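The values are calculated or read from the model by the stated rules, or taken from the named source; none is laboratory data. Computed from a predicted structure; not experimentally measured. Methodologically, a virtual Cβ is constructed for each residue, glycine included, from the backbone with ideal geometry; neighbour enumeration extends over all protein chains shown. Please note that ligands, DNA and RNA were not included when accessible areas were found on the heavy atoms of the full protein model with its side chains. Shrake-Rupley method; radii C 1.70, N 1.55, O 1.52, S 1.80 Å.
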There are 4 protein chains.
Amino acid sequence: MAQTRAPRADAVRNRKKILDAAREQITLHGPDAGMDEIAAAAGVAVGTLYRHFPTKTDLVAAVVAEYTTHVAEAAEAARERLATGARAVDEITDFLARVTEATATNHAVKVAARALGADPADRDAEARAGAALAALIQAGQADGDIHQDVTVDDIYLLFSTAPTDQPPAARARWLTLVLTGLTTHTRTGGTGIAS
Amino acid sequence: MAQTRAPRADAVRNRKKILDAAREQITLHGPDAGMDEIAAAAGVAVGTLYRHFPTKTDLVAAVVAEYTTHVAEAAEAARERLATGARAVDEITDFLARVTEATATNHAVKVAARALGADPADRDAEARAGAALAALIQAGQADGDIHQDVTVDDIYLLFSTAPTDQPPAARARWLTLVLTGLTTHTRTGGTGIAS
Amino acid sequence: MAQTRAPRADAVRNRKKILDAAREQITLHGPDAGMDEIAAAAGVAVGTLYRHFPTKTDLVAAVVAEYTTHVAEAAEAARERLATGARAVDEITDFLARVTEATATNHAVKVAARALGADPADRDAEARAGAALAALIQAGQADGDIHQDVTVDDIYLLFSTAPTDQPPAARARWLTLVLTGLTTHTRTGGTGIAS
Amino acid sequence: MAQTRAPRADAVRNRKKILDAAREQITLHGPDAGMDEIAAAAGVAVGTLYRHFPTKTDLVAAVVAEYTTHVAEAAEAARERLATGARAVDEITDFLARVTEATATNHAVKVAARALGADPADRDAEARAGAALAALIQAGQADGDIHQDVTVDDIYLLFSTAPTDQPPAARARWLTLVLTGLTTHTRTGGTGIAS
DNA sequence: CATGAATGAGCGTTCATTCAT
DNA sequence: AATGAATGAACGCTCATTCAT
């Protein structure tokens, strides 16, 4: 009897609580946040935590996957704005700023993921983000705003190492410097001495 | 365990062996490389390791200090080559390539240092590196090759996040992208719109 | 190592097993009895031991507390027997013999407690023991059997140093000698000069 | 050549320095005073320490032996004063007070000796002390001041557990209580109620 | 004979993971 | 399915003792 009811909802709710607690605890106490601490913060017992995520690595990978999904959605939203007349280079700039910001929030989680060798996890989200980003780049190149040689991999290469543990001012300066390497616009208007 | 029956190297030799083993093991197994593993890799007993470095933090700090000294020497050598007619922008490029290379070797060590709260260690070496770098930047700006707004902190900001765990080809590409943000030279010859 | 494959005793039973094992191991091997040894003797893993007692100090303090409670109960039982016509000096004698006996079992534990700086632990039990003992002394003094100047602190002072590592015969002799200092009774009938 | 000279004097001096340092360090830092600390305090290297005392147990035993010798000498001096008309019970009282005092100074050393299972060490000194004490007791019994049943072992039994870690006032009170058990003198002059 | 660097078993403690309830 | 007590390998570190110099 009762084929479709109650237990499901609880499990889903627990999964969410655990993921939130994990992100929070890792952000707070670093990669060494214990499974017991995370379970306690989530209001469940360790056993329950392990029912949802068989290893710590799996848990951290899931937290990262949430973030990856978030990034993919941001990339797709940016691409869609192109259809409504937005300029590609502006969308890319905005997107990268947003990603850098979000990554800063998740810095400790990323460190933990690397320490544990956690998989990039959500291949689907990555593919969606990659496709959207490729479209944005292509549009920017068509506009003449983005260097012809820039690829999606370039973006990944640069932003995978954003200084997300630095204060906002430093992050902003970093973004400026890096964007100058991607776009065709010079930063300072030059000094008139350029070779 | 030490197979060669310890031919009684003196303390200086042991210190070197331990530092090398520490760098190697941390690079190999991450910040969690055990003191016992490091000692074994160095061919000494744990006690010896602890005689030289009272805590793991001290050990990691010493490894970082070696690297910092190395960087400082490279920066000073580059500055000295200016006197013999070298072009500043070329020296900076070379220096950064070299540092990125060296940092790749020390990436995990840096992570470990941060995880353990190890001191920036060698203030003197840092000061020397900063001074030399400032001279190089100034010369590059006088030549018109480096953007007027570039500072030593910019260099630090960018290179503290070099993708040192990526393969050489990726690191080379990263360097290219980042240098474009520092120099007044355009990368691709542009699309006809570039400055 | 646990041969019987741990029939899943509940926490209360384990706590008792650990306390017993701790008392036994410390009595056997002195304050340096290892936590691993104690755990093995209790038939649990170290982790379980640490779940019940977060530090060695806590464990030793708990063992001492058990003993203190035991003493307090003996003292109160002795006092209650006064109401049924028992002679105070006899009850005191019995009580001290019993305590000396019990202390012999706990000698090494006390030493360990001091070595680790473990708290006097059970203030409540101590207060109860003190109150009962004071009543007994007062009754004994009213009977004229106990010297007027004897206090509870005197008893503590003497019995805190009972030769609990000596064989029973020596302990009995010690008790005789010490009681002579507390009671108004002479021991040997004297030499004709005694009061 | 030079058959009888130099090296001897150095060795003797070192032995003394080490024993003094050991007593001092153990008194200061408890039984856990390290061999390195003791060697450093003595101004020698560990190797030298180990040449004089093959194990820590041997070292502590030697420190205790020094103290035992001191006690033996005090006992013999007391006995000799009998010949000059001193009253035995007074000499015994003085002697025990002095021993208690000296033991208080060496409390930590004794604890260390017990922890290490160090031998009573100096059999000769013990024999001399025992003989002198026996003579004193016999004289006191002849005077009618000491209970007829008191033996040298009784004294050892009581004083081996003097509360040497207590403040002077407590130690004095303890002495008073214990002596009352040995002598035929009552402490308070009684209450007139004594049985 | 002194030195002090080297040894390595051992300690107290932690924590990802398992499993009886 | 959830619980949380139990597990035990592993960690950083100490220190009595050894031995090449």
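Some observations on this one:
- Summed over both chains, the area buried between C and D is near 2700 Å², taken from the accessible surface of protein heavy atoms with a 1.4 Å probe.
- The stretch D:36-144, dipole about Cα centre (Lys/Arg Cβ +1, Asp/Glu Cβ -1), debye to the nearest 20: 140
- Chain C, dipole about Cα centre (Lys/Arg Cβ +1, Asp/Glu Cβ -1), debye to the nearest 20: 640
- Note on the stretch A:56-182: dipole from Cβ charges, positive end direction compared against A:107, A:142, A:152; the farthest Cα belongs to A:107.
- Take the protein assembly as shown with all the other protein chains still there, run a 1.4 Å probe, and you get 50 Å² of accessible area per residue.
- Listed by chain and number, the aspartates and glutamates whose alpha-carbon sits under 17 Å from that of residue D:56, ignoring those within fewer than 8 places in the same chain, are C:32, D:20, D:24, D:32, D:36, D:37, D:66, D:119, D:122.
- In a simple Cβ point-charge model (Lys, Arg +1; Asp, Glu -1; nothing else charged), the stretch A:1-100 has a dipole of about 440 debye relative to its Cα centre.
- Between helix D:88-105 and chain D: long-axis angle, C-alpha atoms, 0 to 90°, nearest 10: 40
- Chain C residue nearest the axis that carries C onto B, by Cβ, with distance in whole Å, is C:36, 9.
- Extreme residue, positive dipole direction of the protein assembly as shown, given options D:55, B:88, B:68 (C-beta unit charges): D:55
- Nearest-first distances (nm) between copies at residue C:149, label 7 Å from Cα via Cβ: 2.4, 9.1, 10.1
- The H on the amide N of residue D:146, modeled in the peptide plane, is under 5 Å from the matching H of D:141, D:184, each at least 5 residues off or on a different chain.
- Ranked from shortest, the separations from the 7 Å Cα-to-Cβ label point of residue B:168 to its equivalents in the other copies are 4.3, 8.0, 8.3 nm.
- Label geometry 7 Å along the beta-carbon vector: residue A:87 inter-copy distances in nm: 3.2, 11.2, 11.5
- When the stretch B:1-113 is reduced to its Cα atoms, the Kirkwood hydrodynamic radius in Å: 15.5
- Approximate shape of the stretch A:77-167 as ellipsoid semi-axes (Cα gyration tensor, √5λ), whole Å, largest first: 26, 14, 12
- Longest exposed-site-free window of chain B, the sites being trypsin sites (Lys or Arg not before Pro) in a DSSP loop that have at most 16 other C-beta atoms within 10 Å: B:88-195
- Note on residue A:57/residue D:36: beta-carbon distance plugged into 1/(1 + (r/R0)^6) with R0 of 45 Å gives a FRET efficiency of 0.55.
- Members of the stretch B:22-42 that become less accessible by 20 Å² or more once partner protein chains are added (1.4 angstrom probe, chain alone as reference): none
- When only Cα pairs below 8 angstrom with a gap of at least 6 residues are kept, chain B shows a relative contact order of 22 percent.
- Estimated FRET transfer efficiency when R0 is 45 angstrom, pair residue D:87-residue C:87 (beta carbons, to 0.05): 0.75
- Inter-label distance for residue C:114 and residue C:170, nm, one decimal - labels placed 7 Å from Cα along Cα-to-Cβ: 1.6
- Inter-label distance, residue C:94 to residue A:12: 7.2 nm, where each label sits 7 Å from its Cα along the C-beta direction.
- Mean ellipticity per residue at 222 nm, deg cm²/dmol - from DSSP H runs of n ≥ 4 across chain B, formula -39500 (n - 2.57): -23000 deg cm²/dmol
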